[in-house]
Amino acid sequence: MAQVGSISAQTEILNHVLSLVESFRAFDSDNDGSITVAELGGIMGSLGYNPSEQEVREMMQKGDTDNNGLLSMEEFLEMNTKDLQIGSLGNLLKTAFETLKGDEDEVLTVDELFQVMGSLGFHLTREDCQSIVASMDGDGDGAVSFEDFQLIVTSLL
């Protein structure tokens, strides 16, 4: 069986990405999946940064890869996660996502992750799987929506 090293640092990264997703959604006032310069400034402030208006405009220009004047969730995550290293866990989670994608309930539970990882030949304990799911579980219900799972995992690969 393939072995995965200690995942505590990797789950911290997942937790950080989840906080980025939650911040983005909180400041996307019209829920259209894009934010304006003003909303980006609000997000940065909520994350503990205090950039000037000029710095926020520069961030927006740098992150707005399709040049539409808005920052999509994907652009925002790319801008904020490009230097993060998730290690082998990212590829494992991507494989798990591809395997579970057709699941009818559209959420990932600890048991599902544990079973899929085992069937793929990766040795993760239930506790490891619990930590992974908890680090991406935005509403505390013990499961991760596939939408959030996909956003978090793909932003790290």
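Results, tabulated for the structure shown:
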quantity: Test: residue in segment 122-139 that is open to solvent by 40 Å² or more (accessible area, probe 1.4 Å), of a type outside the set (Asp, Glu) and modelled with pLDDT under 75; calculated: yes
quantity: Count of residues meeting criterion [buried (at least 18 other Cβ atoms within 10 Å of the Cβ) and not β-branched (Val, Ile, Thr)] in segment 45-62; calculated: 2
quantity: Within segment 28-43, considering residues that are within 19 Å of the chain's Cα centre (by Cα) and surrounded by fewer than 18 Cβ atoms within 10 Å (Cβ to Cβ), the one modelled with the lowest pLDDT; calculated: 31
quantity: Count of segment 63-85 residues which are open to solvent by less than 50 Å² (accessible area, probe 1.4 Å) and either of a type in the set (Val, Ile, Thr) or within 15 Å of residue 37 (Cα to Cα) (or both); calculated: 10
quantity: Sole exception among (1) hydroxyl-bearing (Ser, Thr, Tyr); (2) more than 27 Å from residue 38 (Cα to Cα); (3) modelled with pLDDT of 75 or more for residue 88, by number; calculated: (3)
quantity: Matching residues in segment 120-143 - criterion: being more than 11 Å from the chain's Cα centre (by Cα) and not in a loop (DSSP other than H, G, I, E, B); calculated: 122, 123, 126, 127, 128, 129, 130, 131, 132, 133, 134, 143
quantity: Tally of residues being crowded, with 19+ Cβ neighbours inside 10 Å and either farther than 17 Å from residue 17 by Cα or β-branched (Val, Ile, Thr) (or both) across segment 140-156; calculated: 3
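The values are calculated or read from the model by the stated rules, or taken from the named source; none is laboratory data. Because the structure is predicted, anything quoted here is derived from the model rather than measured. All Cβ positions, even for glycine, are placed from backbone atoms using ideal geometry, and neighbour counts span all protein chains on display. Each accessible area value is taken on the protein alone, full model and side chains, heavy atoms only, with ligands, DNA and RNA left out. Shrake-Rupley method; radii C 1.70, N 1.55, O 1.52, S 1.80 Å.
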